[in-house]
1. Identify, from the list 92, 71, the residue that is within 27 Å of residue 179 (Cα to Cα) and without any contact (Cβ under 8 Å) to a residue 24 or more places away in the chain.
2. For segment 161-190, enumerate the residues that are in contact with a strand residue (DSSP E or B) (Cβ under 7 Å, 6 or more places away or on another chain), under 30 Å from residue 272 (Cβ atoms) and buried (at least 22 other Cβ atoms within 10 Å of the Cβ).
3. Got at least one residue in segment 85-94 being out of contact with any strand residue (DSSP E or B) (no Cβ under 9 Å at 6 or more places or on another chain), more than 24 Å from residue 205 (Cβ to Cβ) and at pLDDT 90 or above?
4. For segment 200-210, indicate whether the set of residues that are assigned to a helix (DSSP H, G or I) and surrounded by 23 or more Cβ atoms within 10 Å (Cβ to Cβ) is non-empty.
5. Could you identify the single residue in 86, 60, 102 that is surrounded by fewer than 19 Cβ atoms within 10 Å (Cβ to Cβ), touching a residue at least 60 places away in the same chain (Cβ under 8 Å) and in a loop (DSSP other than H, G, I, E, B)?
6. Considering (1) within 20 Å of the chain's Cα centre (by Cα); (2) under 30 Å from residue 55 (Cβ atoms), say which one residue 105 fails and leave the rest.
7. Which residues, taken from segment 338-352, are more than 18 Å from residue 255 (Cβ to Cβ) and surrounded by 15 or more Cβ atoms within 10 Å (Cβ to Cβ)?
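The values are calculated or read from the model by the stated rules, or taken from the named source; none is laboratory data. Given the structure is predicted, the values throughout are model-derived calculations rather than measurements. Note that we place each Cβ from the backbone using ideal geometry, even for glycine, and neighbour counts take in every protein chain shown.
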């Protein structure tokens, strides 16, 4: 029996049992094709009694021409289009807020569930590059974050749930579509050139959904992105870094933020479970499995600069020692303060001095340009200005206020 027949039969039986039930309860729950990877979609079509090559056709319409109406998929038979219309949908997350910065940065807040707290944010950052305009999209993988890094506003909102594949890939779909809403279907071209899994949440704690989403990003029937242009950023979930070696070849970035365990335990609490020695060893294992056109030639080290906390000359020397045998590029990130943040941004001179020490030691070290400050799009500000689902942020702000009061009374 086909999927269509099963679905319709189930609805009919429900109607017979409860003829007065609301219409929305009798509606067929449609399958969202947006988040399916190619193997998943091939299986879906085979289970429908169709040839699996239909998956590639539909994926191209969805991810290359950004079509959501099956009637527009002109190389598919009318009968199949009618069947798909009845049991499937192509649905991106709901946009509840969007803002475009004067510097070209774009930000979206998506609702991915019920309630005011079911929100995630996506940021698109354009930049001139020697190969042309580069548009990098920062994608979220979870609603909130459970890791509670002390300098990140997202962690202060607590953790609600993982995103599914449609909610992850839907962020990339919407960012591309924002450039071509009024462009004729066959003239549409993808605008996003790079993706970083660096938004809300820890990607490796939502492993399967993130993995399949990245596979769709790399798939020639979808976005066809180079594996060098898809980056996963992690705070250091060591077992999952090792799992990635077997499953996918994309660029790896590490949210380091401290060059020794004592300080990193305070800034990035997951370090207590996977300390620096284990993390650096996992990074080495990741890039050792190399191949032609591999993206694993180095690891990107992300290091947020916190005034008086991790920006001293001795911290730079500790970084040099820690990373001496790890092929890496270092990205220094000026901290973006948020309300009641217990840290300040390192001075420009301190950041430049830190960079010079690392560069003189032979490291490629850059300072990230802050972008989108006028629309709260900078790192560490995701969604915090839009919603706060848990009491964690409230409790944290109260704690900071109490500490400030103690300091004033002592002074």
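1. On the way: 92 fails: without any contact (Cβ under 8 Å) to a residue 24 or more places away in the chain.
Answer to the check: 71.
2. Taking segment 161-190 first, the residues in contact with a strand residue (DSSP E or B) (Cβ under 7 Å, 6 or more places away or on another chain) are 161-163, 166, 171-172, 174-175, 178.
Restricting the remaining residues to those that are under 30 Å from residue 272 (Cβ atoms) gives 161-163.
Scanning segment 161-190 gives a single hit, 163.
3. Looking only at segment 85-94, we keep the residues that are out of contact with any strand residue (DSSP E or B) (no Cβ under 9 Å at 6 or more places or on another chain), and these are 85-86.
Next, only the ones that are more than 24 Å from residue 205 (Cβ to Cβ) stay: 85-86.
Keeping just the survivors that are at pLDDT 90 or above gives 85-86.
Checking segment 85-94: at least one residue is out of contact with any strand residue (DSSP E or B) (no Cβ under 9 Å at 6 or more places or on another chain), more than 24 Å from residue 205 (Cβ to Cβ) and at pLDDT 90 or above.
4. yes
5. Numbers: 86 fails: in a loop (DSSP other than H, G, I, E, B); 60 fails: in a loop (DSSP other than H, G, I, E, B).
The unique qualifying residue is 102.
6. Answer for residue 105: the failing condition is (2).
7. 340, 350
Results for (1) surrounded by fewer than 19 Cβ atoms within 10 Å (Cβ to Cβ); (2) in contact (Cβ under 8 Å) with a residue 24 or more places away in the chain; (3) in contact with a helix residue (DSSP H, G or I) (Cβ under 8 Å, 6 or more places away or on another chain), shown as yes or no for each residue.
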| site | (1), (2), (3) |
| --- | --- |
| 311 | no, yes, yes |
| 314 | yes, no, no |
| 326 | yes, yes, yes |
| 329 | yes, yes, no |
